[in-house]
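The numbers here are math on the coordinates, done by the rules we state, and not lab data. Treat the numbers as computed from the prediction; the structure is a model and nothing was measured. Here the Cβ is made from the backbone with ideal geometry for all residues, glycine too, and neighbour counts use every protein chain on show.
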Amino acid sequence: MEAIYILWLREVKRYTRSRAQIIASMGQPLLYLLVLGFGLGPVYQKAGGGSYLQFMSPGVIGMAVLFSSVFSGIALLWDRQFGFLKETLVAPVPRIEIMIGRTLGAATTAMIQGLLVTTVCLIAGFRPVSLAMVPLAFLFLALIAIVFAALGTTIGSSLQDMQAFPIVMNFLVFPIFFLSGALFPLKNLPRALGIVTSVDPLSYGVDGLRVALRGGGYFGATLDLLVLAVVAVILLCVGAWRFSKIEI
């Protein structure tokens, strides 16, 4: 347990001590929030959907957590390239504890990122429908972070060099975001697109945030929680297996 805490603390410190990284990581969520939120707002309102800012803010929060947690895979590749990972793996500590510590640290930094974006959304005009539902939103935030931090660990454990990571981003992470319903409603989609969105784990995370923050969702909070919990367990197991196969 001590190893888990030390590695968790290292991941959190690595994120919080870099102001440039925090500022840079806010750029993309702010772009979507300000450009799309206000740019498409009149169109969305004329279509009878109400405030687009209210609709897309949970999606932007989910996006911030997604990218921040998956990018933990780059940190793993970086540590492998510069030798820190080797020093960690030769320590008399079970690899499962190392993997859990790194994954929880990445999930924690992703949650911090999500809370920062939430603050920006509140400043921009987003308002939760009920403060009593905020703890549920925090739970969904944690589940999204754990799911995709585990995915980042799996990816980082499977790749050999950092140059391959942008390819993964383009062909895996961006589709996960764009097909999650973060920017568009999931109702009345074409059948093929509806099937694809239903197998996207982020769809359930964004939907859960909407349930908690806006009072309405597509799948329902119970199904959202169940799917995210199951996917988290599966990815943690896969991530632990891939991490155990790393050669030093």
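Observations on the model:
- Relative contact order (%) - criterion: Cα under 8 Å, at least six apart; region: the stretch 102-160: 63
- Inter-probe distance in nm under a simple model that places probes 7 Å from Cα toward Cβ, at residue 198 and residue 31: 3.3
- Rough spin-label spacing in nm, given labels placed 7 Å along Cα→Cβ, for residue 222 and residue 189: 2.3
- In a fully extended conformation the segment linking residue 134 and residue 81 would gain 15.0 nm over its present Cα-Cα distance, using 0.36 nm per residue.
- Residue-by-residue Karplus 3J(HN,Hα) for the stretch 55-63, coefficients 6.51, -1.76, 1.60, Hz, glycine and proline x: 6, 8, 4, x, x, 5, 4, x, 4
- Remark: the residue 167-residue 244 segment gains 25.4 nm on full extension, using 0.36 nm per residue and subtracting the alpha carbon distance.
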